[in-house]
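Visitor: Handing you a structure now.
The values are calculated or read from the model by the stated rules, or taken from the named source; none is laboratory data. Computed from a prediction, not measured in an experiment: that's the story for all the values here. Neighbour counts run over all protein chains shown; Cβ positions are idealised from the backbone, glycine included. These accessible areas exclude ligands, DNA and RNA; they are computed on the full protein's heavy atoms, side chains included. Shrake-Rupley method; radii C 1.70, N 1.55, O 1.52, S 1.80 Å.
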Amino acid sequence: MIDMEKVYNFELVEGKWSKYWIENKTFSAKVDKSKKPFTIVIPPANITGSLHMGHALNTTLQDIIIRFKKLQGYNTLWVPGTDHGGIATQTVVEKILKKEGINKYELGREKFLEKMWQWRSETGDTILNQLKMMGCGLDWDRVAFTMDESRSKAVKKAFIEFFNKGLIYRGKRLVNWCTRCGTALSDIEVEYADEKSHLWYIKYMLKDSNEHIVVATTRPETMLGDTAVAVSPDDDRYKELVGRTLVLPLLNREIRIISDYIIDKSFGTGAVKVTPACDTTDNEIAKRNNLEIIEITDITGKMINVPEKYKGLTINEAREKVVKDLQDLDFLEKIEDYAHKVGKCYRCSTTLEPLMSEQWFLDVGEMSKKAIEVVNEQNTVFHPESWKRPYTLWLENLRDWCISRQLWWGHRIPVYYCIDEKGNKTNCKPIASFDKPTHCSCCNGTNFVQDEDVLDTWFSSALWPMSVFGWQDDRNNEELQYFYPTSVLATGHEIIYLWVARMVQFGLEFMKEVPYKDVFIHGIVRDKHGGKMSKSLGNVVDPREIMHKYGTDALRFALASAAAPGRDMQVSEESFLSARNFANKIWNASRFIIMNLEGIENLEKELTSVELSDKWILAEFFETSLKVKKAYDSYNIDTASRELYDFFWTKYCDWYIELSKIRMTSENRQERKQVLKILVYVLKNMLQLLSPVMPFITSEIWQILGEKKIIAESKLLNEQKENDKSSIDEMKSLQEIIVSLRTIRSEMNISPVCQIEALFNVLDENKVKVVKDNENYIKQLAKISSITFAKNITRPKNSALAITSGFEIFLPLEGLIDIEKEKLRLSKEVALAKQEIERTTIKLQNDNFIKRAPNSEIEKVKSKLNEANIKLEKINESLKFLG
RNA sequence: GGGCAGUUAGCUCAGCUGGGAGAGCAUUUCCCUUACAAGGAAGAGGUCACAGGUUCAAUCCCUGUACUGCCCACCA
């Protein structure tokens, strides 16, 4: 006797299965050339992270895809891993150390890195353990880390190849500088935020003249670094002045007035102060016009190369002082309120300062062109397609990638400089190599120092699809050949540029092949009001809490059914509750069947039943199955989930199981077995189709049903047969009759225990057989004691009326009926029928409609009109009869 | 400034290669009918953002407008 609790207890089930899959290596994959591979590499989560909704969604979707492909017979592989997270992780650990009163500079690089590694070994696997709890079908023998030995080798190898090709170069450029982190950032690591500020209007005097030009600026302190004033070439106001000399206030430096196309004459005064060291636009103007670049801030954000009184001030202090001095000397014309966007560090939100500094850059020109080509040629396909354009546009306008970071946590740049005996760098050519070189090729020196900087964390991420398969050891190795290119990359749209595009670039550069065939872009999880989830806003829904409260399958199902491709989604507590209820429904429907299977044997050998409800549920199932498979295959996970839900609940449970109950009470043992056979058949197939989304509950029930192989390792059972859809229409008639009888009962407040008789006046001869054959169902489900079929039945007194599916049905309700209520009900029906008649008549009177609409449509409207006419006539008769 | 989404029931969202709209939650009524009250039955609730156009026919296609959200950009 199998004991199943009345309420699905996920706690008893989940731990058991997640452990089983890991211990039995259910999702481990080896090269097997007899099977087609299906590969996904996980977007490696930062080791600082613990599971949030974004991870939960992302991994659920990947797991669904993997599990479905496995059912289809692919050799599936999903590779797990984590990312060292460069700046993000270093920031976190710095903060922790700060609380302990430790300063990283006092600690020194080496000791600090020890702390980092210690921290990583203590907490770095948190997220992987959480993925295990979620039941993710990852190959746990392949866990990779972007900074482990093997991945580090890959980074060095890639760097050295780039370096030797001349694609990596060092240059002094204006970069985004975070004064808090003390490092440069790439352009996409900048986040812009609105900030209220001012526009300061400053007068610049013309040399040897009393005239002046007014410039508007949001950063008055940068005037200390001005080397020109620029105007638009087609600005008539300033045409005469171009080429003249200005005297910079406070400094008395002489600067020229130049013209440059980029200036918008309609903004401010049309004249712009040019500070090449503090602004990217100005920097470009400077390049075009050969202007001097004066650096006025250092890497800590303090003023340099300025008059003594400003030296060493912070930017804000300098601003205050400069404004005051300008005011005192009457150079400040006015101050306006102004809101604009300010660049912030994407990890610590400090306002960024553009700063001239020596950095390593990667020339991405050629790689970008190729990365665009492969997408245009559909070697890599975006799902949904709408993301292709942003991807392409971004790559088209991409500037070289600043890959060096002034951090300690990360891959140290493998470039070595020859040094003399005093420890100073020589002028010899730097060498990129895996280890410290033994001797310098220029001077035969043997002393070297390594570059201090580390690489942008995304550099190692860009190699991920190759590095997890050992590209760094042997680019012709069997695994790489078999699993690369991977099948699909699933990720949110926020890292298309940071990560997706760069993997394509690197993949093409080193493998000459795209890293994945499909890119599945899903949305971002938002709170119930559409806002971003963030700890500071306090609107975070923690997936671990949801798992604890509603179960992991509920979490997964809710996320899956909300995951329309490419669109952000809102999740709320209710969606998880409803998913939990669905799990319970699955449990109880299965429980019902399993209880009835008690003592039944040899079910497989039973005949396939031929009765309507069986044919119907099979037809409906085949249709659903087809839709679900198609949806899974095209990454429409939401559609698949909804189809499964809808079929299981409203067709299988609400109708088929209810009908089965009636047949199961029959004395006929054979009949009972036949129903059970269909019940079990559909259930098993449904469990399989549901198992990618809800692996725990489906695994459990599958096992209780006595299957020897676990569901994750089963193969999809059903093959598409010829589907006889006529049963769907016939069943629909039956359902309509039952529903309309129930409606009358409900509206007349007739007690459910009260059996009533029904008279079926036949209007359509063709419908009689089906209804008569299934009379028993109508009786049971609508609580009807007896049914009389006849033509021209006389309308009984005090009866209620239903017209549906070719019958005029009378329910004699002497003593039960409220005549007034029935009249009211019928007059509403009259109104509806009249409306229908009017609408269809107008259509049919329209010559153009008759001429141009397809025949099938015309027939449909005609039959609607016909039905409505009959309905109206019959209801009117009834109304007359009721008085 | 450019690009991309969205606007459908009180809320969260489906639907659409054009033929008078669906689900979940919430709500009303009835029911503890032995799979499930985390349930069942029945109901109420919508000029499908607005304005034009194409068409016999528009929630769906086209154009424009408004609002919302996101991304990109060198408006000081």
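Visitor: Can you check what the Kirkwood hydrodynamic radius comes to for segment A:425-573, Cα pairs only, in Å to one decimal? Provide the component values of the computation, followed by the final result.
Guide: Details: mean 1/r = 0.0512 Å⁻¹.
Value: 19.5 Å, from the Cα pair sum.
Visitor: How much of the calculated P(r) for segment A:651-780 lies past 18 Å, in percent of all Cα pairs? Provide the component values of the computation, followed by the final result.
Guide: Numbers: 5630 of 8385 pairs.
Taking all Cα-Cα pairs of segment A:651-780, the fraction more than 18 Å apart is 67 percent.
Visitor: Rounded to the nearest 10 Å², what accessible area does residue A:547 have for a 1.4 Å probe in the complete protein model?
Guide: The value for residue A:547 is about 10 Å².
Visitor: Convert 10 °C to kelvin, take the viscosity as 1.306 mPa s, use the Kirkwood radius over C-alpha pairs of segment A:327-437 as Rh, and evaluate the Stokes-Einstein diffusion coefficient in µm²/s, rounded to a whole number.
Guide: Values: Rh = 19.7 Å.
For the chosen part, D equals 81 µm²/s.
Visitor: Which percent, nearest 5, of DSSP beta bridges in chain A are antiparallel?
Guide: Values: 66 of 95 bridges.
Of the beta bridges lying entirely in chain A, close to 70 percent run antiparallel.
Visitor: If you don't mind, another one. Round to the nearest 0.05 the FRET efficiency obtained for residue A:873 and residue A:716 when R0 = 60 Å and r is the Cβ-Cβ distance. Show your work: numbers first, answer last.
Guide: Values: r = 52 Å, r/R0 = 0.86.
Efficiency computed from Cβ-Cβ geometry: 0.70.
Visitor: How far apart, in nm, are the 7 Å Cα→Cβ label points at residue A:595 and residue A:424?
Guide: Taking the simple label geometry, residue A:595 and residue A:424 are separated by 9.1 nm.
Visitor: Going from the alpha-carbon gyration tensor of segment A:202-270, what semi-axes, largest first and in whole Å, does one get by taking the root of 5 times each eigenvalue?
Guide: Working: eigenvalues 65, 43, 21 Å².
Equivalent-ellipsoid dimensions as semi-axes: 18, 15, 10 Å.
Visitor: With a 1.4 Å probe and every protein chain left in place, tell me how much accessible area residue A:690 has, in Å² to the nearest 10.
Guide: Answer for residue A:690: close to 0 Å² accessible.
Visitor: Okay, next question. In degrees between 0 and 90, to the nearest 10, how far off the longest principal axis of chain A does helix A:501-511 point, with axes built from Cα atoms?
Guide: 80 degrees
Visitor: Mind grabbing the accessible area of residue A:817 for me, 1.4 Å probe, Å², rounded to tens?
Guide: Near enough 30 Å² of accessible area.
Visitor: Just want to confirm a number: the relative contact order over chain A, from Cα pairs under 8 angstrom separated by 6+ residues, in percent.
Guide: Working: 1467 pairs, mean separation 107.4, N = 883.
With pairs under 8 Å counted, the relative contact order is 12 percent.
Visitor: A further question follows. Any chance you could give the angle, 0 to 90 degrees and rounded to 10, that helix A:365-376 forms with the longest Cα principal axis of chain A?
Guide: Relative to chain A, helix A:365-376 is tipped by roughly 10 degrees.
Visitor: Taking only pairs that are 8 or more places apart or on different chains, how many Lys pairs in segment A:237-339 have Cα atoms under 20 angstrom apart?
Guide: Total qualifying Lys-Lys pairs in segment A:237-339 comes to 17.
Visitor: As a test of the formula, what do you get for chain A when each DSSP H run with n ≥ 4 contributes -39,500 (n - 2.57) and the sum is divided by the residue count, at 222 nm and rounded to the nearest 500 deg cm²/dmol?
Guide: Details: 29 runs with 374 residues, N = 883.
Value at 222 nm, helices only: -13500 deg cm²/dmol.
Visitor: Taking the alpha carbon gyration tensor of segment A:293-356, what are the square roots of 5 times its eigenvalues, largest first, to the nearest whole Å? Walk me through the numbers before you get to the answer.
Guide: Working: eigenvalues 106, 68, 18 Å².
Here the semi-axes work out to 23, 18, 10 Å.
Visitor: What are the extents of the Cα atoms of chain A along their three principal axes, in Å, largest first?
Guide: Principal-axis extents of chain A (Cα, largest first): 115, 66, 55 Å.
Visitor: In what order, largest first, do A:273, A:791 sit by accessible area if the probe radius is 1.4 Å?
Guide: On the way: A:273 10, A:791 125 Å².
Output order, biggest surface exposure first: A:791, A:273.
Visitor: Roughly how far apart, in whole Å, are the Cα centres of segment A:728-749 and segment A:612-646?
Guide: Centre-to-centre distance over Cα atoms comes out at 25 Å.
Visitor: For segment A:770-879, which GluC sites (Glu not before Pro) pass both filters: DSSP loop (anything but H, G, I, E, B) and at most 10 other C-beta atoms within 10 Å?
Guide: Values: sites: A:775, A:808, A:814, A:820, A:822, A:829, A:836, A:838, A:857, A:859, A:867, A:873, A:877; in loops: A:814.
In loop regions of segment A:770-879 (DSSP not H, G, I, E or B), the sparsely surrounded GluC sites (Glu not before Pro) are A:814.
Visitor: Over segment A:389-449, consider all pairs of different Cα atoms and compute the Kirkwood hydrodynamic radius from their mean reciprocal separation; express it in Å, one decimal.
Guide: Working: mean 1/r = 0.0704 Å⁻¹.
Mean inverse Cα-Cα distance, inverted, gives 14.2 Å.
Visitor: By accessible area of protein heavy atoms, probe 1.4 Å, what ranking do A:349, A:34 get, highest first?
Guide: Values: A:349 75, A:34 105 Å².
The ranking, largest first, comes out as A:34, A:349.
Visitor: Just want to confirm a number: the relative contact order over segment A:642-765, from Cα pairs under 8 angstrom separated by 6+ residues, in percent. Don't jump to the answer; show the numbers that get you there.
Guide: Values: 39 pairs, mean separation 17.2, N = 124.
Relative contact order, segment A:642-765: 14 percent.
Visitor: So which of A:19/A:708; A:132/A:549; A:165/A:388; A:791/A:828 end up more than 20 Å apart by C-alpha?
Guide: On the way: A:19/A:708 18 Å; A:132/A:549 18 Å; A:165/A:388 29 Å; A:791/A:828 26 Å.
Over 20 Å Cα-Cα: A:165/A:388; A:791/A:828.
Visitor: On a 0 to 90 degree scale, rounded to 10, what angle separates helix A:109-123 from the longest Cα axis of chain A?
Guide: In chain A, helix A:109-123 runs at an angle near 10 degrees to the longest axis.
Visitor: R0 = 51 Å: FRET efficiency of residue A:330 with residue A:187, Cβ-based, nearest 0.05? Display every interim value, and only then the final one.
Guide: Numbers: r = 40 Å, r/R0 = 0.78.
E(calc), rounded to 0.05, equals 0.80.
Visitor: Grab the beta carbon distance between residue A:450 and residue A:704, set R0 = 51 Å, and tell me the FRET efficiency rounded to 0.05. Don't jump to the answer; show the numbers that get you there.
Guide: Numbers: r = 61 Å, r/R0 = 1.19.
For R0 = 51 Å, the calculated efficiency reads 0.25.
Visitor: Step through the table entries A:99/A:436; A:783/A:871; A:344/A:429; A:627/A:677, compare each Cα-Cα distance with 29 Å, and write down the pairs that go over it. Could the numbers behind the result be given before it?
Guide: Working: A:99/A:436 36 Å; A:783/A:871 24 Å; A:344/A:429 36 Å; A:627/A:677 24 Å.
Pairs exceeding 29 Å: A:99/A:436; A:344/A:429.
Visitor: Taking only the alpha-carbon atoms of segment A:1-158, what semi-axes of the equivalent ellipsoid follow from 5 times the gyration tensor eigenvalues under a square root, in whole Å, largest first? Walk me through the intermediate numbers first.
Guide: Values: eigenvalues 250, 98, 28 Å².
They are 35, 22, 12 Å, listed largest first.
Visitor: So, how do all the Cα-to-Cα distances of segment A:809-872 break down into 5 Å bins, in percent, from 0 on up?
Guide: Percent of Cα pairs in each bin: 4, 16, 20, 16, 13, 10, 8, 6, 5, 2, 1.
Visitor: Give me the log10 of I(q) over I(0) for segment A:428-492 at q = 0.13, 0.14, 0.20 Å⁻¹, as the Debye formula computes it from C-alpha points; what are the numbers?
Guide: Values, matching the q order: -0.60, -0.66, -0.89.
Visitor: Go through A:375, A:92 and list them by solvent-accessible area, largest first, probe radius 1.4 Å. Walk me through the numbers on the way to the answer.
Guide: Details: A:375 0, A:92 55 Å².
Largest accessible area first, the list is A:92, A:375.
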